[in-house]
Amino acid sequence: MLTALLLSDIHGRVSMLKKIVKKGEYDIAFVAGDISNYSGGAYREVLETLSGGVPLTVAVPGNVDPPEVVDLGIDNVLVIHKQLVEVKNLYVAGAGGGIGFPFWGIPYLAELHIASFMRDLEKAVEHGPRVLHVLITHTPPSMTNLDRVYSGEHVGSKNIREFVETRKPLLHVCGHIHESRGMTKIGETVAVNPGPAMVGYYGIAKFGDDMREVAVELLKV
């Protein structure tokens, strides 16, 4: 059995992250963006903390993370955007950016930009595995309990949801909407927003030995 730590929206809170990492033994961490603080800093400290506490981390950039976060050369840390990687017998795909916010030169990330990201990701996955195990995005899929803001409006991405429905990953980890911590099913996919790690929220995913099933638990320090 493989155990994964699920994180999102750390926002540079290294002290809280250390508490979460010390709570268990993990084989891998999946981080759904907003690694940096709100000024775009502290990302190195966050990723070095994960590097020292978890054997391997795969992350995507969120809307507050600068482009430099992708290629820091930190041991046991992969930050991916519009890419597919194979790690620990898992195929993991990821795309960053938070809809409704600036992202890497885009003043306001809209659905059309997410659509472009997911088209590029589809090309990466197209010639890859028959089975996609994990999808990591910062933006949540649309029309779920994971993309609803305090007003009740759904603000997730239709294109991310369509990708999930088409590619059917075993697990989809997202974040961005702090108030929409939770889990849902999209077809056979378990989709989870583990909540903002900056205040102690996180999740654990346990994969079966055949990598065909996953059980998720939401926790708080």
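Only the coordinates and a few stated rules stand behind these numbers; no lab work does. Note that this is a predicted model, so its numbers are computed, not measured. So basically every Cβ, Gly included, is an ideal-geometry build from the backbone, and we count neighbours across all protein chains shown.
Applying the criteria of a DSSP loop state and at most 15 other Cβ atoms within 10 Å to the chymotrypsin sites (Phe, Trp or Tyr not before Pro) of segment 119-221 yields TYR150. Of the GluC sites (Glu not before Pro) found in segment 117-153, those in coil by DSSP whose Cβ has at most 12 other Cβ atoms within 10 Å are GLU153.
Per residue of the chain, the DSSP helices (runs of n ≥ 4 H) give a summed -39500 (n - 2.57) that works out to -6000 deg cm²/dmol at 222 nm.
Rounded to the nearest 0.05, what FRET efficiency do LYS22 and MET211 give with R0 = 35 Å and r taken as the Cβ-Cβ distance? Could you check? Show your work: numbers first, answer last.
Working: r = 27 Å, r/R0 = 0.77.
The computed FRET efficiency comes out at 0.80.
Pull up the cross-link candidates among the aspartates and glutamates for LYS168, meaning alpha carbon to alpha carbon under 14 Å and not fewer than 8 places away within one chain. Hits, sequence-local ones excluded: GLU122, GLU126, GLU188, GLU213. Residues VAL69, VAL216, ranked from the fewest to the most other C-beta atoms within 10 Å, line up as VAL216, VAL69.
What translational diffusion coefficient, to the nearest whole µm²/s, does segment 82-221 have by Stokes-Einstein, given a Kirkwood radius computed over alpha-carbon pairs, a temperature of 20 °C and 1.002 mPa s viscosity? If you can, show how the numbers build up before the last one.
Working: Rh = 15.2 Å.
Roughly 141 µm²/s, to the nearest whole number.
The ASN145 and ALA110 beta-carbon pair, evaluated with R₀ = 22 Å, returns a calculated FRET efficiency of approximately 0.45. Qualifying GluC sites (Glu not before Pro) in segment 1-63, where qualification requires a DSSP coil assignment and no more than 15 other C-beta atoms within 10 Å, comprise GLU25. Only aspartates and glutamates eight or more places from LYS22 in sequence, or on another chain, were considered; those with a Cα closer than 20 Å are ASP9, GLU45, GLU48, ASP75, GLU217.
When DSSP beta bridges are limited to those with both residues in the chain, what percentage is antiparallel, rounded to the nearest 5? Walk me through the numbers on the way to the answer.
Numbers: 24 of 46 bridges.
Among the beta bridges of the chain, antiparallel pairing accounts for roughly 50 percent.
Expressed in units of 2.2 N^0.38 Å, where N is the residue count, the Cα radius of gyration of segment 32-135 is 1.08. Each Lys and Arg Cβ is given +1 and each Asp and Glu Cβ -1; about its Cα centre, segment 77-221 then shows a dipole of about 80 debye. Within the listed set LEU90, LEU112, LEU132, the Gaussian network model of the chain (springs between alpha-carbon atoms below 10 Å) gives the highest mean-square fluctuation for LEU112.
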